[in-house]
4 protein chains.
Amino acid sequence: MPPINVAVIGSGFMGAAHVDALRRVPNVAVVAIASADRPRAQEIAGQFGIPHVLDDWHDLLGRADVHAVHNCTPNNLHFEVNKALLGAGKHVLSEKPLTMTSAESSELVRLARDAGVATAINFNYRGYPLVQQARGMVQRGELGDLFVVHGHYLQDWLLYDTDYNWRLESAVSGKSRAIADIGSHWCDLVQFVTGRKITRVFAHLFRAHETRKKPTQEVETYKGKELGAPHEYDEVPIDTEDGGFVLAELEGGLRGSLVVSQVSAGRKNRQWIEVDGSKSALSWNQEEPNTLWIGYRDKPNETLIKDPSLMDANARGYAHYPGGHPEGYPDGPRNLFRNLYRYIAAGKKPGVDAADFPTFEDGHAEVVIVDAVLASHEQQRWVDVNH
Amino acid sequence: MPPINVAVIGSGFMGAAHVDALRRVPNVAVVAIASADRPRAQEIAGQFGIPHVLDDWHDLLGRADVHAVHNCTPNNLHFEVNKALLGAGKHVLSEKPLTMTSAESSELVRLARDAGVATAINFNYRGYPLVQQARGMVQRGELGDLFVVHGHYLQDWLLYDTDYNWRLESAVSGKSRAIADIGSHWCDLVQFVTGRKITRVFAHLFRAHETRKKPTQEVETYKGKELGAPHEYDEVPIDTEDGGFVLAELEGGLRGSLVVSQVSAGRKNRQWIEVDGSKSALSWNQEEPNTLWIGYRDKPNETLIKDPSLMDANARGYAHYPGGHPEGYPDGPRNLFRNLYRYIAAGKKPGVDAADFPTFEDGHAEVVIVDAVLASHEQQRWVDVNH
Amino acid sequence: MPPINVAVIGSGFMGAAHVDALRRVPNVAVVAIASADRPRAQEIAGQFGIPHVLDDWHDLLGRADVHAVHNCTPNNLHFEVNKALLGAGKHVLSEKPLTMTSAESSELVRLARDAGVATAINFNYRGYPLVQQARGMVQRGELGDLFVVHGHYLQDWLLYDTDYNWRLESAVSGKSRAIADIGSHWCDLVQFVTGRKITRVFAHLFRAHETRKKPTQEVETYKGKELGAPHEYDEVPIDTEDGGFVLAELEGGLRGSLVVSQVSAGRKNRQWIEVDGSKSALSWNQEEPNTLWIGYRDKPNETLIKDPSLMDANARGYAHYPGGHPEGYPDGPRNLFRNLYRYIAAGKKPGVDAADFPTFEDGHAEVVIVDAVLASHEQQRWVDVNH
Amino acid sequence: MPPINVAVIGSGFMGAAHVDALRRVPNVAVVAIASADRPRAQEIAGQFGIPHVLDDWHDLLGRADVHAVHNCTPNNLHFEVNKALLGAGKHVLSEKPLTMTSAESSELVRLARDAGVATAINFNYRGYPLVQQARGMVQRGELGDLFVVHGHYLQDWLLYDTDYNWRLESAVSGKSRAIADIGSHWCDLVQFVTGRKITRVFAHLFRAHETRKKPTQEVETYKGKELGAPHEYDEVPIDTEDGGFVLAELEGGLRGSLVVSQVSAGRKNRQWIEVDGSKSALSWNQEEPNTLWIGYRDKPNETLIKDPSLMDANARGYAHYPGGHPEGYPDGPRNLFRNLYRYIAAGKKPGVDAADFPTFEDGHAEVVIVDAVLASHEQQRWVDVNH
């Protein structure tokens, strides 16, 4: 069977990460990389034997030898690129957020349905084996009725007012930052694990720094920490949130609470979730992804290790190594990409055959949640999510 | 110097715990125990050489040989007993909540001021060495500006609808349960550690069980877990919350988020707090009280062990053993009681000399916070705390 | 029932700790404290209403109103004092080591048998609820056949060559230091939990500092860390070990490995044990004493919390608070002292009625193990323990 | 620059893992896979576009288009294959152990020197970022003088006597099992981190099961746990160890202690190391590889997260993602393979230019340590390592 040919748009941190994950997926060939930064794109292409380097992603649209495209552009290009790719009949995997407005994301969902191609969005944390295990436990009723879900997503890479990155600019990144960038992962995780949609939210956001020092040189996401405070900068106003609290109601009367912060010293990427049910509870922390805590009232609590021999049949398929051999962040996208290309290779039909990866519909669901969060914060009242 | 003579009202779990802690406090003699359960009171008295056992706490009022009284009665008696003790000129240490309404707690604060006696309320978690250390760190500015405070207080002893105890009855325990019983500890802890008052709240409470099975036999707090589900019971409606979310604003623009639950399987008494500042962050979990996490952006995170050689001068006074020798829950009240009786022995004046223990004013502060939480939940809007 | 009258010899750190624990034991009265440091003894006596203060412990021997004595003298006095107390017909609780030679410890065991009094030695770590639970689990066969036991006991209070204390002087403290002081606790713990005696050892000891700086002022155990390096000192040679490795064979073919160190930076009092059996394994760390790890091959590992509702009937009696209310180091001796005085009050007969506390026989067992360790280290071969 | 062409011998678990890692290494092309299991080899080749599948690894020897070969054969073939590859002038990366005897490993070291090719052995744990960081800390003197190193390597995949695999057969796997398979990793880790060789050992090995139930069907390493106990088997005697204790002396007077076990329930792959020095200590656990514990006497202990902004310049090169984005077991070999091929691409000369990956000399060092361990166990005395 010939491989599925994939192109990647973007050669930044995420672009390179996609190439890395794709190299590990069976029956896939990375055949092109498109980027405005040609030298960097050529470097990656050279390292991994990628035959084509393009300056302009539009040139991918007409190529019959490209079957699927990964969209790793900045947020403000997501809609335009995704739309064009769908129009060209490509399978599309988009970085999140799917778009910057719900009108756009809604349109993409419709276009994708019409195009009949497979779509995916990189809610990569679903790709962890123990996240799959957690979802299975809830589905099988092992937690009983669900009472409450709570957690947080904490980072420190934007702690200081000398931290700067394009993600701080609403024109490029969107009206919401902390919620859209990381809170959205948590919301997707909760919806995925519990199998229930968030229907209403109450939000209270905050900004630690009203202005920040924008360096005259561009800084890659997360990289500012290594570089230290800039010497030359402009003091610029900030209009997106550094964090916030989101209370949520989910289907079936479940309630949730989320704390988001990008200014929590010492917390690097601490996405933590706890689901409390009438029989047991579960807790998972992305920074220690190889253990799943299971709480009981009548017997000792458990720590389930990512060990294929201890996991259910579905989750086992996401673990590539025996127990005690930790798998990490890079292995999540690898699993989701594998699922996507396995789905495509099997000739499955979007809308007909269930997808075992997050799709544009999941991407749209996040955009409308973020909309509701922003509206609630502005109005300081509960706001329905417009699914 | 002759000891300060102390009486304890109540012979239940808390009454016995108070006797245990008082036996460890220098220059204090437990001289009386008053209880409606005379056999139990006599048992305790016999075990610890307490000379007087009284059926009726009123009999303490006129005894000149009783200088201070610990009020360990059920919540609905707190006001009456505290008021009478103040009227009799006794120093009073009350179990929490101080009263069932803010009108009452306000009156007690006024009466205490007039009486000139020392008052205390058992916010026992302040007695942990590392809680004192945390407060000192904030006071000294080691965290910088405070951005956000968050945490939770989770238990599982009321998980099942077969769990029952007088604390579930609003007539005895008050209109709020989970918030008043445990959420109040967290609020006090946050206010103590940050040195800032909670000024506004938004609350969303929940009840996991609308009815519960009330056993025909009375069950001590926490004891139901050992006894198992009752065989004979009445199905009774429940009108207090099993948990809830509280968002808060504190003085100086600090924001907070609290999750409270008494139905979280596997969580026994998990009171956890994190304070995130512009320089560093701290995190403390009551279930592992001998370590304090300190988070940094620019250097490795730290774990401070309860080790006198590593703590500041004030906090060191709360640690009785070297590092690596864990101290626990019973050592907190012991420390607070020591502070109270040291204050009294030194002839210090309430209202003039600062108290190094929580007073009736702190007790009143909690009652008004709970009032605001209940009002906010009912109205689903932000409500000011009526300090 | 009148209380059992207890005297304590010693007013240092351990003497005060014994008084603290005894105050919490039912039906016991601390009636005397004997110490060469009269001011300190009087201070303690005044604080806790102890009627008699004696300069010379010999004066306790003839007092009919003293039923039991706690021997908290330095190691080199243990034999003499214990022997005299037995001769006077007192019940005796000795600090460890029981004596400085096995000839002496053997003699004490014989004398105790003749005297018919109750004897105890303060292997305080047996008093932790989860240590009792661990022993019960092994006894009930929950671990299956035992394959191997391993662990360590690590401290850092003697890390620097400026750390000094009488325990470094073999004339006062004995020929072995790290093994006798802390390794002995681990050996007792292993023997207690597994129910098997150590029969042979291979030891390899080490000394990090051949000389140390002895301050001209005496320093209490553990206290040097707070005081810092001394300004005035004598450089003195050290002839006891800073740590070592002990391999052991136990009854029934069980093998063990122990690492001991008093020079491990950051480890305060880390006594850790793991027992690996054919069905499951258990692991316990004294610095986090409220959780017991249970390892499984075929199902998730467990963390058993010190929760009376989750523990067996015996262990439950060592827990005074519900799950999630941590108990600590001070609660261990309290439990053992309770057991001792409950035994005495019940009129039980040593040698006839089983003791639920460590006795002089257990103290003797440790002395002969330390003898074997020293002999093995010297000869670098396996040496039988002369039980 | 054309890529370096690599072939992999072996299509089992390790063969596939090597392909996975190689796909992520820049400037490398996997061009051939040789295996006796042709269907499996073809499956892998098909999935990842590997052009050549060979039944017989000898056919690689004459191919000029194969520059380097990864030897993932069973232990008893390592010598023969490695020797032939060296003879053919290929760069060789061998799975461990390098050979089954020290005569063979010594010969390979000599042959490699003569051949002038690059050699490597897969001590994959060196590839973890925080292992590199630990080594750097020791090298820079941050720990001061080293006093003691200790730790363990514990697994449970051979707990039951129904667990079976070719690694249990000394004819295929070698005279030592637990020590050679996993203890050797720990020894290499200690030598790598401390920069000191193990010079003498005292060993005491054990066997939990004298016989095991060998299934009539072959079982992949680690896979038995998923399959459960076999239905059809032969009871066979076992002549290799299930675990053991190794005491060690290292260069410069450092002492070490290691506990190895493949029968420790609940421990999946717990390789743990602690290095205690005169200034600080460090501790690292392979199952939680993204944190490094650093112990101090005079200040709080630290937890260093695998965060490029917190690590030294060398270690940072082993981290591909920001702090809080866990990297795992698959990322270690990827890093080592990258180093190897970067070395080759740069035209560096073995024996002249320092290698930043483990070489056949390191492989030989392990074989002689295992020899000494076996001799010591047999003789129950200290045995010098014949470096």
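The table below lists the values:
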item: Cα pair distances in chain C, grouped into 10 Å bins until the bin that holds the longest one, percent each; result: 5, 22, 32, 28, 11, 1, 0
item: From phi via Karplus (6.51, -1.76, 1.60), per-residue ³J(HN,Hα) for region C:173-183 in Hz, x at Gly/Pro; result: 9, x, 5, 10, 10, 4, 5, 5, 6, 10, x
item: Considering only region B:124-266, percent of DSSP beta bridges that pair antiparallel, nearest 5; result: 75
item: Region A:353-384 versus region C:322-387: alpha-carbon centroid distance in Å; result: 62
item: Region B:283-387: C-alpha gyration tensor shape, a/c 1.5 cut-off, then a/b vs b/c; result: oblate
item: Cut-off 13 Å between beta-carbons: net charge of the residues surrounding A:Ala34, Lys and Arg +1, Asp and Glu -1; result: 0
item: Exam field: B:Tyr233 pseudo-label spacings to other copies (7 Å along Cα-Cβ), nanometres; result: 4.6, 5.9, 6.4
item: Too-long pairs where the Cα-Cα distance tops 28 Å, listed order kept, from A:Lys90/A:Lys306; B:Lys299/C:Lys213; A:Lys214/A:Lys268; C:Lys223/C:Lys348; A:Lys279/B:Lys213; A:Lys96/A:Lys349; result: A:Lys90/A:Lys306; B:Lys299/C:Lys213; C:Lys223/C:Lys348
item: Environment charge at C:Val275 (Cβ cut-off 13 Å; Lys +1, Arg +1, Asp -1, Glu -1); result: +1
item: For C:254-264, mean number of other protein chain Cβ atoms within 10 Å; result: 6
item: Positions from region C:29-71 whose accessible area shrinks by 10 Å² or more when the full protein complex is built, not the chain alone, probe 1.4 Å; result: C:Gly46, C:Gln47, C:Phe48
item: Solvent-accessible area per residue, Å², over region D:139-229 with all protein chains present [probe radius 1.4 Å]; result: 35
item: Within the accessible area of chain D (1.4 Å probe), percent carbon and sulfur; result: 49
item: DSSP-defined beta bridges in chain D - what % are antiparallel, rounded to 5; result: 60
item: Gyration tensor (alpha-carbon) shape descriptor, region A:240-330, a/c threshold 1.5; result: oblate
item: Summed residue charge, Cβ within 12 Å of D:Gly174's Cβ, Lys/Arg positive, Asp/Glu negative; result: -3
item: Heavy-atom accessible area, 1.4 Å probe, ligands and nucleic acids excluded: residues of region A:202-228 down by at least 20 Å² from chain alone; result: A:Phe202, A:His204, A:Phe206, A:Ala208, A:Tyr222, A:Lys225, A:Glu226
item: Residue-averaged [θ]222 nm for chain C, counting only DSSP H segments that reach four residues, each worth -39500 (n - 2.57); result: -9000 deg cm²/dmol
item: Amide H partners (placed H, <5 Å) of A:Asn5, local residues excluded; result: A:Ala29, A:His67, A:Ala68
item: Karplus-derived HN-Hα couplings along region B:284-290 (A = 6.51, B = -1.76, C = 1.60, θ = phi - 60°), whole Hz, x at Gly and Pro; result: 9, 10, 4, 6, 10, x, 8
item: Interface burial for A against B (accessible surface, 1.4 Å probe, total of both chains, Å², rounded to 100); result: 3800
item: Accessible area per residue in Å² at 1.4 Å probe, computed on region B:21-66; result: 42
item: Inter-chain shielding of A:266-275 (mean C-beta neighbours from other protein chains, 10 Å cut-off); result: 6
item: Counting DSSP beta bridges with both ends in region D:1-123, the antiparallel % (nearest 5); result: 0
item: Region D:220-257 versus region B:190-220: alpha-carbon centroid distance in Å; result: 52
item: 5 angstrom amide H check on C:Asn301, placed H, neighbours 5+ away; result: A:Thr303, A:Ile305, C:Tyr296
item: Check: chain B dipole with +1 on Lys, Arg Cβ and -1 on Asp, Glu Cβ, in debye; result: 1000
item: Ascending list, in nanometres, of distances separating the D:Arg110 label from those of the other copies (7 Å, Cα toward Cβ); result: 6.6, 8.0, 10.1
item: Counting all C-alpha pairs of the protein assembly as shown, share separated by more than 66 Å (%); result: 13
item: Label geometry 7 Å along the beta-carbon vector: C:Glu220 inter-copy distances in nm; result: 3.4, 5.6, 6.2
item: In sequence order, calculated HN-Hα J values of region D:292-306 (Karplus, 6.51, -1.76, 1.60; Hz; x Gly/Pro); result: 10, 7, 10, x, 10, 8, 9, 8, x, 5, 10, 10, 8, 8, 5
item: Contact order normalised by residue count of chain D, Cα under 8 Å, 6+ apart, percent; result: 21
item: Gyration tensor (alpha-carbon) shape descriptor, region A:169-218, a/c threshold 1.5; result: prolate
item: Sequence ranges A:144-151, A:263-270, B:193-200, ranked by mean other-Cβ count within 10 angstrom, highest first; result: A:263-270, A:144-151, B:193-200
item: Among C:Thr291, C:Thr119, C:Thr216: highest mean-square fluctuation, GNM of chain C, C-alpha pairs under 10 Å; result: C:Thr216
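The values are calculated or read from the model by the stated rules, or taken from the named source; none is laboratory data. Everything numeric here is computed off the predicted structure, so don't read it as measured data. Virtual Cβ from ideal backbone geometry, glycine too; neighbours counted across all protein chains shown. The protein model used for the area step is the full one, side chains on, heavy atoms only, and it has no ligands, DNA or RNA in it. Shrake-Rupley method; radii C 1.70, N 1.55, O 1.52, S 1.80 Å.
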